[in-house]
Each structure stands twice: as structure tokens, then as C-alpha cells.
1. Are any of the residues in the stretch 72-91 within 18 Å of Asp44 (Cβ to Cβ) and without any contact (Cβ under 8 Å) to a residue 24 or more places away in the chain?
2. Can you work out which of the residues in the stretch 250-273 that are of a type in the set (Gly, Ala, Ser) and crowded, with 16+ Cβ neighbours inside 10 Å is farthest from Val306 (Cα to Cα)?
3. Can you tell me which residue is surrounded by the most Cβ atoms within 10 Å (Cβ to Cβ) among those in the stretch 290-312 that are in contact with a strand residue (DSSP E or B) (Cβ under 7 Å, 6 or more places away or on another chain) and not hydrophobic (A, V, I, L, M, F, W, C)?
4. Being modelled with pLDDT of 95 or more, part of a helix (DSSP H, G or I) and under 18 Å from the mean Cα position of the chain (by Cα) narrows it down to one residue among Leu182, Leu208; which is it?
5. Here is a check on your reading of the model: is Tyr247 hydroxyl-bearing (Ser, Thr, Tyr), surrounded by 21 or more Cβ atoms within 10 Å (Cβ to Cβ) and assigned to a helix (DSSP H, G or I)?
6. Give the residue, chosen from Arg12, Arg4, Arg49, Arg31, that is basic (Lys, Arg) and either closer than 15 Å to Arg99 by Cα or touching a Cys at 6+ places or on another chain (Cβ under 7 Å) (or both).
7. Which condition from (1) assigned to a loop (DSSP other than H, G, I, E, B); (2) under 25 Å from Ala302 (Cβ atoms) is the one that Gly98 breaks?
Amino acid sequence: MGPRIGYLLPTRERIMQGAHEAGPILNLAERAEGMGFDSVWIGDSLLARPRHDPMTMLAAVAARTSRVEVGTAVLLPALRNPVLLAHMAATVDQISEGRLILGVGIAADVKSVRAEFEAAGVPFEKRVGRMMEGIRLCRALWQGEDTDWQGRWTVEGGHLAPHPVQTGGPRIWAAASVDAGLRRIARELNGWFPIGPNAAALAPKWQLVQEMARGFGRNPDEISFSVYLTIMLDNDADKADQQMDAYMQNYYSVPPHLMRSIQANYAGPEAGLGEWLQGFADAGASHLVLRFAGDQESHLDAVTRVRQTLGW
């Protein structure tokens with residue numbers, strides 16, 4: 001049995017095309033579930049890379065589906081008050097009947113993201129501590145008991161309702177590449193959710209996460225390893241490569257070679273996709289979340305064929 005396959009809904013891509021309607025995104029979520037995908041995901045940004053609000057959209061996705069897991073890839077908790085985030089997440093977990101996964105990250109240090117933090121009134125330099133304390137506060141509130149908290153936020157006898165369906169709250173997976181981030185995951189989170197750069201580089205880092213988890217007295221089998229992958233399929237490999245460059249440039253507004261050097265991506269014919277995906281499964285990944293740089297429907301169809309060929 002191969003890894004579970006997820007699909008990143010094109011909220012950012014739709015906005016880049018000038019299409020703001022939510023209906024087509026929800027239709028894609030339903031289609032992915034019907035095709036056997038295991039999860040659907042939504043990215044996050046306020047102003048740096050505008051798109052639909054992830055928690056609001058996931059609530060709608062959860063209401064339109066019944067089986068797929070729903071998740072954020074990735075949410076920036078530092079931009080949100082954790083009491084409000086805990087309330088939203090608990091509500092989405094109830095709507096989805098326990099299918100919510102919170103993929104989280106600290107945000108890249110680029111000009112547009114710093115401006116986004118400033119606009120939200122959040123100090124960028126404090127984002128790691130703010131994220132981790134916020135996660136701990138969310139988890140305290142998700143216990144269903146009166147909560148007292150003294151720190152960046154003050155809570156006195158706060159009682160959150162509804163409670164999440166999942167005991168202790170939704171699973172939290174974090175994107176991280178440096179040892180400090182891996183250590184945070186190994187110590188207290190539910191999964192590692194990197195973006196790359198490739199299977200060969202991720203395999204030893206995954207082993208390190210497992211070793212760290214054992215050092216913290218945790219069972220490493222309780223930590224998930226999922227990876228975020230970008231795909232552009234075309235039988236003409238050169239054309240696929242050019243299309244991937246254009247996609248990265250438009251999405252991030254930085255030279256595409258920079259993003260492609262740090263984000264795992266495949267540009268080429270469908271015939272080579274299976275071997276590339278298998279490399280991440282061999283590295284230990286149990287869940288592959290796929291972002292499509294080209295036509296959504298045709299890529300959904302292609303991945304379904306590749307998955308059948310691999311026996312996943």
C-alpha cells in the first residue's frame with residue numbers, strides 16, 4: 001500500500017487568474033474525493049499572496065465532502081489570535097466530523113511577507129515563539145475544560161465550545177527544514193510537512209526527526225511525514241519546464257530558479273511522474289500533497305492513472 005495522496009485546491013491560482021468565485025474550488029474538492037484522493041488542502045496568505053481564507057473555505061469543503069481529510073498547507077498561526085484560531089479549528093473539526101489537519105508554518109523571510117505581518121500588527125521577528133505558544137494555547141482550549149493562561153495572551157477561566165471531534169484537537173503538522181524546526185516537531189507536534197528540495201535530501205532529515213522523537217520519549221510512529229509537491233505535466237519536457245518556471249514566477253514574484261531549488265517539483269511527461277513520486281514514498285513519506293501548476297482537471301486525471309499504475 002502506497003502513501004496517501006492529497007490535492008491542494010487552487011485558491012491562489014484562481015485569484016491570479018482574476019477568478020474570485022468559490023464554487024469552482026468546491027467542485028474540484030468534490031471531484032477529488034470522487035476520484036479517490038485522500039485529502040484536500042488550502043494554502044494561506046492575507047496580502048502577500050492573496051487567496052481565499054483557508055479556514056472559511058475548509059468549512060465549506062467539509063460540508064460538501066464526507067470522506068477526504070481537509071487541511072491547511074500551510075496556515076500561518078502567528079497571524080491569528082490563538083483563541084479565535086482554536087474556535088475556528090474546533091468548529092471545522094466538528095463540521096468535518098474529525099477530518100481536519102492543521103499544516104502550519106512560520107512564513108518565509110521575504111519583503112511581501114514582512115509587509116503582511118506588519119499589516120496584521122504582528123512582529124515578524126517573534127513569529128516562531130508566537131506560533132508555538134499559540135499552538136499550546138489552542139491545545140489547552142481544545143481539552144474542553146476551563147483554561148487559565150498567562151503569556152502573550154491572557155485567558156482566565158476560558159471555556160471553548162464546541163469541542164473538536166478529535167481528542168486533544170486537530171492534528172498539527174509543521175513545515176520545517178532547519179534542526180530547530182525539526183526539534184519542535186519531534187518534541188510536540190503530530191507531523192513533519194516539508195516542501196523539499198527532493199527525496200534524497202528529505203530522507204536523512206526524516207530519520208533525524210525520528211531520532212529526536214525517541215530522545216524526547218515519543219514513539220516516532222505517532223509522527224507523520226508528509227511532503228508538499230508541485231507538478232507540471234506535459235509530454236514535451238522543455239515546454240513543461242518553461243511552464244513550471246512561469247508558474248513559480250507568477251506565484252511568488254521571485255526568480256523561478258530560486259523557488260525550484262528549495263521546493264520539490266516535477267516538470268515533464270506523465271510517464272516519469274510515478275518514479276519521481278515513488279522516490280518520496282521510499283524516503284518514508286506517508287502522505288503526498290500535490291499542487292498542480294497546470295490545468296487542474298487533466299492533472300487530477302493523470303495522477304489517478306499514475307496512482308493506479310503504482311498500485312497505490
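1. Among the residues of the stretch 72-91, at least one is within 18 Å of Asp44 (Cβ to Cβ) and without any contact (Cβ under 8 Å) to a residue 24 or more places away in the chain, which makes the answer yes.
2. Filtering first and then ranking leaves Ala264.
3. Among those residues, the one meeting the criterion is Arg291.
4. Going through Leu182, Leu208 in turn, just one is modelled with pLDDT of 95 or more, part of a helix (DSSP H, G or I) and under 18 Å from the mean Cα position of the chain (by Cα): Leu182.
5. Criteria met by Tyr247.
6. Step by step, each of Arg12, Arg4, Arg49, Arg31 is checked, and only Arg4 is basic (Lys, Arg) and either closer than 15 Å to Arg99 by Cα or touching a Cys at 6+ places or on another chain (Cβ under 7 Å) (or both).
7. (2)
The values are calculated or read from the model by the stated rules, or taken from the named source; none is laboratory data. Predicted model, so just to flag it, every value in this text is computed and none were measured. No Cβ is skipped: glycine too gets one built from the backbone with ideal geometry, and neighbour counts run over all protein chains shown.
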